[in-house]
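The values are calculated or read from the model by the stated rules, or taken from the named source; none is laboratory data. For clarity, every value in this text was computed on a predicted model and none was experimentally measured. Please note: Cβ atoms are built from the backbone with ideal geometry, for glycine as well, and neighbour counts cover all protein chains shown. Remember, those area values only see protein heavy atoms, side chains included, never the ligands or the DNA or RNA. Shrake-Rupley method; radii C 1.70, N 1.55, O 1.52, S 1.80 Å.
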Amino acid sequence: MTTEEKFDAIVVGAGPAGSACAYVLAREGKSVLLIERGASSGSKNVTGGRIYTYALEMVEPGLYERAPLQRKVVREQMMLLGRNGAATLDYVDYDFGEGVPQSYTILRAPFDEWFASEAEGQGALVATGILVDGLIEENGKIVGIKAGEDEMYADIVIAADGVNSFIAQKAGLFGDISAKTVSVGIKEIIELPENIIETRFNLRGNEGAARLAIGCTAGISGGAFLYTNKESISLGIVFNPEQAGKSGKRIHQILQDFKMHPAILTLIEGGTTVEYGAHLVPEVGLTGVPQKLYRDGLIVVGDAAGFVINTGTIIRGIDLAIVSGLAAANAVLKASEPSQIGRLYMQELQNLLLLPTMKVFAGWHNILGIPRMVKEYPDLVNEAMNFMFTVDGKVPEKMPKAMLSIIKKHVSFFQLVTDGWTGLRSI
Ligand SMILES: Cc1cc2nc3c(=O)[nH]c(=O)nc-3n(C[C@H](O)[C@H](O)[C@H](O)COP(=O)(O)OP(=O)(O)OC[C@H]3O[C@@H](n4cnc5c(N)ncnc54)[C@H](O)[C@@H]3O)c2cc1C
């Protein structure tokens, strides 16, 4: 690459959003530069571990079949952890294994590398190990990027640089990130033999399980996840950084306590941790999406734009990143002149149903924000379970009376009503 080259589009960041965008633009004959700061695409990225394949199918039918996917998720599990017990909802649906849409567990390093190489295969120029550290502006329009001494020009710059987007901040689209709108995720990949994973999670062949858990973050808003890969388990916790800071608790210890919980230890025992990482994740859904996602010469996609949905039962960031990358590419392809791209991008986000979907889940983060969701309610459910399954030869209390006293022990009537009301309003 020589200095001062001009492209139709420069995409900053080879995560799912950037690679999807570069793939489509290059396939349609545009000259595209996809720049990634990591030594390879995916080397800087952390995710829980599942992708919904409909998004790859939107980029190109059959594309997901070429992707390095791990296991097809047929088991959806929700776990409420108590002090020494756990109540687990295990929903298995073998229809999830058929056709598209479906979801797979993934490992981000190989997935991102594959996706960037697919974009390269379509003709995009992929430059890794390059940190974009500035934008070039002329007459109020972004016309290119700076990377050290190099300057590169384009009709449009696409900021696909992830959460806490330096590019969008540099462009003046939004300011510093707030600890109220993001969570911190820390994650380990724990290797285990294939047959052990299948036995412990009740899986056959290539089937996979996705498990989300609450009640394991020491009272800090957040939760945990476990995803089964072919020969490893992705395990981690996600928590609110503001509350964590105030609590004075050590995050490493919270993760360790989660791993040592008897209901979790039985799943990972004997495994070897081979990877460890931490990353921010946009947390508040549509309310965290900035008012303006473009300016002349620049558009913002993926996590950089805050496109993540977390309902407590599903986490969707990768698919929305891909769809927004596709929306950006469509806008560039449809525009008869560069000044139209931003407006067309917003239309495409509607057409491809990204914004309408986010709207449906706009209030859900309020449920996860209910303080009692992460301690009192999981404890309450576990104590109720303990009551129902304990047989000790004594005369048990009558069920309604026992349940009432268990509820009262953990929450007041007022809290129950206000939490219920918050929940109802949120959904
Ligand atoms: C712990 C955790 C669990 C998650 N679990 C899931 C899940 O199970 N399913 C799901 O769908 N989503 C999940 N998510 C969210 C998901 O990972 C993100 O939404 C998704 O990765 C966003 O993709 P992106 O392409 O927008 O950004 P990213 O994947 O963050 O990619 C941005 C890229 O830009 C590069 N970059 C940044 N700055 C520069 C620069 N200045 N110059 C050059 N390159 C740059 C980065 O190195 C990176 O490769 C999870 C997130 C976390 C943290």
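Side notes on the structure shown:
- Cα-centred dipole magnitude for region 180-282, charges only on beta-carbon of K, R (+1) and D, E (-1), debye, nearest 20: 440
- If you take all other residues with their beta carbon under 11 Å from the beta carbon of S178, and give Lys and Arg +1 and Asp and Glu -1, the sum is -2.
- Largest accessible area first, the residues L280, L349 order themselves as L280, L349 under a 1.4 Å probe with ligands, DNA and RNA left out.
- To the nearest 10, the accessible area of E269 is 100 Å² with a 1.4 Å probe.
- Net charge contributed by nearby residues that have their C-beta within less than 10 Å of H279 (K/R +1, D/E -1): +2
- Positive contributions from Lys and Arg (+1) and negative ones from Asp and Glu (-1), summed over other residues with Cβ under 10 Å from the Cβ of S31, come out at -1.
- The relative contact order of region 72-164 comes to 15 percent, based on Cα pairs under 8 Å that sit 6 or more residues apart.
- Rounded accessible area of L404 (nearest 10 Å², 1.4 Å probe): 100
- Eligible lysines near K398 by straight Cα distance, threshold 23 Å, same-chain separation 8 or greater: K408, K409
- Under 22 Å from K359, Cα to Cα: lysines that are on another chain or at least 8 residues apart: K180, K292
- Accessible surface of region 160-278 [probe 1.4 Å, protein heavy atoms]: carbon and sulfur percent: 51
- Within the same chain, aspartates and glutamates fewer than 8 places from K375 are excluded, and of the rest, those with a Cα less than 16 Å from its Cα are D257, E383, D419.
- Sorted largest first by accessible area at a 1.4 angstrom probe radius, with every protein chain in place, the residues T272, T311, T199 fall in the order T199, T272, T311.
- Accessible area per residue in Å² at 1.4 Å probe, computed on the chain: 45
- The apolar share of the surface of region 284-335, taken as the fraction of accessible area on carbon and sulfur atoms (1.4 Å probe, ligands and nucleic acids excluded), comes to 53 percent.
- For region 218-288 and region 127-164, distance of Cα centres in Å: 34
- Between the listed residues V32, A305, Y294, the Cα displaced farthest toward the positive end of the dipole of the chain, a dipole computed from Cβ unit charges relative to the Cα centre, is found at A305.
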